[in-house]
Amino acid sequence: MYITSKKRIEDRLKESGKSIELELYNYCTTMFEYLRGQLTEAAPNKTVIEISGIGYAVSIPLSTYRKLPNIGATVRLYTCLSIREDAHILYGFLTCDERDLFISLCDVSGIGPKTALALIGHLEIHDLYTAISQAHISLLCKIPGVGKKTAERLVVELRDRIKSHQLKNPLDLPSCKEPSTAADAISALINLGYNALQAQKAVHAAQATRSEAFSLPELIATALRQI
């Protein structure tokens, strides 16, 4: 599909009944399949890839940043290009699965690219699929920018769509709410920069080290030693 003007977009949207943002987003995701070039800059939320003398700024999730090669190495990122009236933004991922999940998350009402990046950045892809399929609302709510209503909407809109996804070593995630002290400890670890899954596993491992109850400072300190 080739679009030459905003008026033509609006005319096509009137015929299809779709929103401008969704039509643009679907069109732009097929523009670049991936970028492959030299990694020249890397930050937790953005990289720069140089290809034939041109530096492409690519927004990335935290999980991609952790797995990037050293500066100067060659890297390939699977991309989505979002074209809006005020900005053209490339989003990049190390795998096709992550990129496709990003697109699915952005299709959910109320989920924008920033929240979608946070979800992918704080949970491994298979663990995120598991959390959604098992309706683990409390875990999803620990992701920055995700409240209870947003988490419930994710489950309702994506649960059936991911049933066919083959989960590898899915987590045995409890459906009950975390006890208050454990939930506060998990939140503290997330605020320190650990992802939600790391934080939950560390707190549970800390609790298993003794039968007596922990105070919050003790639980945080013990959990940090488990990471």
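For the stretch 202-223, the set of residues classified as buried (at least 17 other Cβ atoms within 10 Å of the Cβ) and part of a helix (DSSP H, G or I) consists of 202, 203, 206, 207, 219, 220, 222, 223, listed by residue number.
Being assigned to a helix (DSSP H, G or I), within 20 Å of the chain's Cα centre (by Cα) and within 30 Å of residue 133 (Cβ to Cβ) narrows it down to one of 106, 80, so name that one.
Working: 80 fails: assigned to a helix (DSSP H, G or I).
Exactly one of 106, 80 is assigned to a helix (DSSP H, G or I), within 20 Å of the chain's Cα centre (by Cα) and within 30 Å of residue 133 (Cβ to Cβ), namely 106.
Entry remark, the stretch 83-103: residues being in contact (Cβ under 8 Å) with a residue 40 or more places away in the chain and assigned to a strand (DSSP E or B) number 3 in total.
Rule-based calculations on the coordinates, nothing more; no lab input. Predicted model only: the values in this text are computed from it and were never measured. Positions of Cβ are generated from backbone atoms using ideal geometry, with glycine treated the same way; all protein chains shown enter the neighbour counts.
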